[in-house]
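These notes concern the structure reproduced below.
The values are calculated or read from the model by the stated rules, or taken from the named source; none is laboratory data. All values derive from a computational prediction rather than experimental measurement. Every residue, glycine as well, gets a Cβ built from its backbone with ideal geometry; the counts of neighbours run over all protein chains shown. Just the protein is used for accessible areas: all its heavy atoms, side chains included, with ligands, DNA and RNA removed. Shrake-Rupley method; radii C 1.70, N 1.55, O 1.52, S 1.80 Å.
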Amino acid sequence: MIIKNSFYKLTAVNLKDLPKDGLPEVAFAGRSNVGKSSFINSISNNNHLARVSKTPGKTITLNYYLINNEFYFVDMPGYGYAKRGMESLEFFNTKTDVYLKERKELKLVLLLVDSRQITEDDKLMNNYLKEMGINYLVIATKLDKLKRNEIKPRFSAIVNELELESDKLLFYSSLTKEGKEAILSKFDELIN
Ligand SMILES: Nc1nc2c(ncn2[C@@H]2O[C@H](COP(=O)(O)OP(=O)(O)O)[C@@H](O)[C@H]2O)c(=O)[nH]1
Ligand SMILES: [Mg+2]
């Protein structure tokens with residue numbers, strides 16, 4: 001797949017505001033600051049698409065971006081911005097939870113984790129997606145922060161920590177775009 005065009009579509013505060021055109025959706029989950037917005041911009045060659053934040057925010061909206069007029073990227077609220085452990089529970093009780101469970105157009109979730117470190121919140125989110133039977137892939141972000149000889153051991157460590165099939169984990173750098181082809185070919189499988 002080549003991403004030829006990408007447009008901001010809408011921001012949904014309530015589930016009744018979601019698009020009704022039936023296009024497939026790829027949603028992004030991950031803690032605040034893991035690189036969700038950067039990923040969306042980088043993979044679609046559009047640096048003005050999603051807003052990259054310097055300080056983690058408490059976004060509670062679903063942001064829709066139309067890709068190739070064929071499907072949507074859905075940027076979901078980040079988790080884990082507070083120091084206490086409660087925000088994860090909060091997350092599961094919000095509209096995002098209903099969205100993940102009930103949205104028929106949702107074909108794939110990309111769970112973004114930092115390639116250097118898996119957090120307890122990441123594990124919760126991973127278990128949640130697994131238990132709900134949601135089709136998801138894990139994208140380990142900020143690959144450019146790893147030394148070359150760290151990549152293989154980090155791959156194994158993440159596969160073990162999250163108990164994943166190894167074809168469900170992909171590395172990516174929004175800076176260098178390393179890993180892009182493998183991810184785009186997963187989107188091809190999804191759309192066809
Ligand atoms: N080095 C590096 N920095 C990144 C990468 N992706 C995101 N960042 C930085 O991480 C911070 C948070 O990124 P952002 O996309 O706003 O994360 P979000 O909160 O998950 O949407 C920003 O300072 C980005 O520039 C990456 O692949 N490599
Ligand atoms: Mg963001």
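With the cut-off at 1.5 for a/c, could you classify region 6-191 from its C-alpha gyration tensor as rounded, prolate or oblate? Mind dumping the intermediate values first?
Values: a/c = 1.43, a/b = 1.19, b/c = 1.20.
Judged from the Cα gyration tensor, region 6-191 comes out rounded (a/c under 1.5).
What residue among Asn149, Asn14, Asn69 has the largest mean-square fluctuation in a Gaussian network model of the chain, using Cα springs under 10 Å?
Looking only at Asn149, Asn14, Asn69, the largest GNM fluctuation is found for Asn149.
Quick one: if you stick a label point 7 Å off each Cα along the C-beta vector at Glu189 and Met132, how many nm between them?
2.0
Would you mind checking Lys9/Lys130; Lys147/Lys177; Lys36/Lys180 for any pair whose Cα atoms are more than 19 angstrom apart? The partial results should precede the final answer.
Details: Lys9/Lys130 29 Å; Lys147/Lys177 16 Å; Lys36/Lys180 14 Å.
Listed pairs above 19 Å: Lys9/Lys130.
Test of understanding: what is the full-extension gain from Ile3 to Glu150, defined as 0.36 nm times their sequence separation minus their Cα-Cα distance?
Values: separation 147, 0.36 × 147 = 52.92 nm, distance 3.02 nm.
Extending this stretch completely gives an extra 49.9 nm.
Sort out for me the Cα centre separation of region 126-192 from region 1-34, rounded to whole Å.
Centre-to-centre distance over Cα atoms comes out at 20 Å.
Heavy-atom accessible area of Met132 with all protein chains present, probe 1.4 Å, nearest 10 Å²?
Estimated to the nearest 10 Å², Met132 gives 90 Å².
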